[in-house]
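Report on one structure; see the data block that follows.
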Amino acid sequence: MTAWDDLLESVDRYASAGVEIPGGTEEHLLDLVQRAMADRSIDTELHAPDVARWLVGLSLAHRAVRERSPQIDPDLDLADLRLIITRWLHPARPR
């Protein structure tokens with residue numbers, strides 16, 4: 001499994017309602033972000049600690065969105081979160 005795959009699976013887990021976000025989550029994500037930057041699947045111009053902090057925040061925000069909109073398919077919401085994260089973190093593509 002690549003660091004990118006592990007990162008998305010971790011965010012999926014942390015974004016799930018009813019799952020506690022354990023201590024050390026930010027550090028775990030930081031390790032994955034740094035590994036993904038090393039293999040260039042995450043934009044290396046980003047500041048890795050900030051990315052890890054924001055991923056925790058986005059996971060918590062996803063929970064709040066789910067609570068406010070329970071009628072929306074949870075799989076679609078998670079797919080949207082993954083797309084947002086992917087577009088934010090991947091290096092810019094030349095046009």
Here the residues within region 44-95 that are basic (K, R) and exposed (fewer than 10 other Cβ atoms within 10 Å of the Cβ) are R68, R87, R93, R95
The residue that is nearest to D5 (Cα to Cα), considering only those in region 37-71 that are in a loop (DSSP other than H, G, I, E, B) and hydrophobic (A, V, I, L, M, F, W, C), is I42
Residues of region 5-36 being outside any helix (DSSP H, G or I) and either under 15 Å from T86 (Cα atoms) or out of contact with any Leu (no Cβ under 8 Å at 6 or more places or on another chain) (or both), in sequence order, are S16, A17, G18, V19, E20, P22, G23, G24
If we keep only residues of region 1-32 that are in contact (Cβ under 8 Å) with a residue 40 or more places away in the chain and of a type in the set (A, V, I, L, M, F, W, C), then the residue surrounded by the fewest Cβ atoms within 10 Å (Cβ to Cβ) is A17
When restricted to R13, R53, the only residue basic (K, R) and at pLDDT 95 or above is R53
Within region 1-19, residues being among the charged types (D, E, K, R) and either closer than 11 Å to S59 by Cα or in contact with a Ser or Thr (Cβ under 7 Å, 6 or more places away or on another chain) (or both) number 2
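The values are calculated or read from the model by the stated rules, or taken from the named source; none is laboratory data. Because the structure is a prediction, the values reported are computed rather than measured. Virtual Cβ from ideal backbone geometry, glycine too; neighbours counted across all protein chains shown.
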